[in-house]
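Asks: Dropping the structure in here first, questions after.
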Amino acid sequence: RMPGRRSVIIRVCQVAAVIVLIAAWQAAGSSKTLDSTISDPRQVAQWIGEWVTGNRSNGLDDLSATLREALYGFVLGTLVGVFLAACVASSKWVQQILAPFLAVLNALPKLALAPLFILVFGATLEAKVYFVAAGVFFIVYYNCYTGLRAVDDKQVAQVRSLGGSRL
């Protein structure tokens, strides 16, 4: 089937938008005022080419370290988030105590906390893991908490009637 005139125009506009964005990126990277803060697409392509061909050292080591930090942070944030959500969802008393503090901490911009993490923990593996965990924690916590609070009381009663414990 032949593409319609409208879909061809949309594709041409999409390609043009990519070209304009790359040209703007190149212009910003070539600018004397932004030269030290923005690399240009040629530099990025050159770096990727060196990395792929093996001419750039430690590329895989850097990637491996980053993935390890992200995985450790994800696991830590998930475990703490699920545990705390279970504690808070199962006790009205704990919820009343912790809910305001969790809401305030969640309102803080996580990216703005990066310098604080570096100041407190240094530029270590632990600092990076804790930073990732802080970003993951609230997503997991609020989703688990909402899911646990949404369990129907009738279902809980049915499980209890079959011998299920509170846990």
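The values are calculated or read from the model by the stated rules, or taken from the named source; none is laboratory data. Worth saying up front: this structure is predicted, and the values here are computed from it rather than measured. Positions of Cβ are generated from backbone atoms using ideal geometry, with glycine treated the same way; all protein chains shown enter the neighbour counts. Accessible surface areas use protein heavy atoms only, side chains included; no ligands, DNA or RNA. Shrake-Rupley method; radii C 1.70, N 1.55, O 1.52, S 1.80 Å.
Asks: Using a simple spin-label model with points 7 Å from Cα along the Cα→Cβ vector, what separation in nm is obtained for residue 149 and residue 96?
Replies: Distance between label points: 1.5 nm.
Asks: If you take the square roots of the eigenvalues of the alpha-carbon gyration tensor of segment 102-167 and sort them as a ≥ b ≥ c, do you get rounded (a/c under 1.5), prolate (a/b over b/c) or oblate?
Replies: Prolate, since a/c reaches 1.5 and a/b exceeds b/c.
Asks: A follow-up question, please. Just check segment 59-109 against the gyration tensor rule for me: Cα atoms, a ≥ b ≥ c as the square roots of the eigenvalues, rounded for a/c under 1.5, and otherwise prolate or oblate depending on whether a/b exceeds b/c.
Replies: Because a/c hits 1.5 or more and a/b fails to exceed b/c, segment 59-109 counts as oblate.
Asks: Also, I was wondering about something else. Summing +1 for each Lys or Arg and -1 for each Asp or Glu, what net charge is found among the other residues whose Cβ lies under 11 Å from the Cβ of residue 90?
Replies: +3
Asks: Residues of segment 102-167: accessible area per residue at 1.4 Å, in Å²?
Replies: I get 73 Å² per residue for this part.
Asks: In units of 2.2 N^0.38 Å, what is the alpha-carbon radius of gyration of the chain?
Replies: Against the compact-globule rule of thumb, the ratio is 1.60.
Asks: Kindly report, to the nearest 10 Å², the accessible surface of residue 98 as traced by a 1.4 Å probe over protein heavy atoms only.
Replies: 50
Asks: Oh, and also: Probe 1.4 Å, all protein chains in place: accessible area of residue 161 in Å², nearest 10?
Replies: Roll a 1.4 Å probe over it and residue 161 shows about 90 Å².
Asks: Still on this model: Hey, rough spin-label estimate for residue 66 and residue 119, points 7 angstrom out along Cα→Cβ, what's it come to in nanometres?
Replies: 2.7
Asks: Per the 1.4 Å probe, what fraction of the accessible area of segment 105-150, in percent, lies on carbon and sulfur atoms?
Replies: Exposed carbon and sulfur together represent 75 percent of the surface.
Asks: Report the trypsin sites (Lys or Arg not before Pro) located in segment 47-110 that are in a DSSP loop and have at most 16 other Cβ atoms inside 10 Å of their Cβ, or state none.
Replies: The qualifying sites are 56.
Asks: Now, a different point. Evaluate the charge dipole of the chain about its Cα centre and quote only its size in Debye, nearest 20, assuming +1 on the Cβ of each Lys and Arg and -1 on the Cβ of each Asp and Glu.
Replies: Roughly 780 debye for the chain.
Asks: Using a Gaussian network model of the chain whose springs link C-alpha atoms within less than 10 Å, name the residue from 107, 24, 123 with the highest mean-square fluctuation.
Replies: 24
Asks: Right, something else. Compute the relative contact order of the chain as a whole-number percentage, counting only Cα pairs closer than 8 Å that sit 6 or more residues apart in sequence.
Replies: RCO, the chain: 24 percent.
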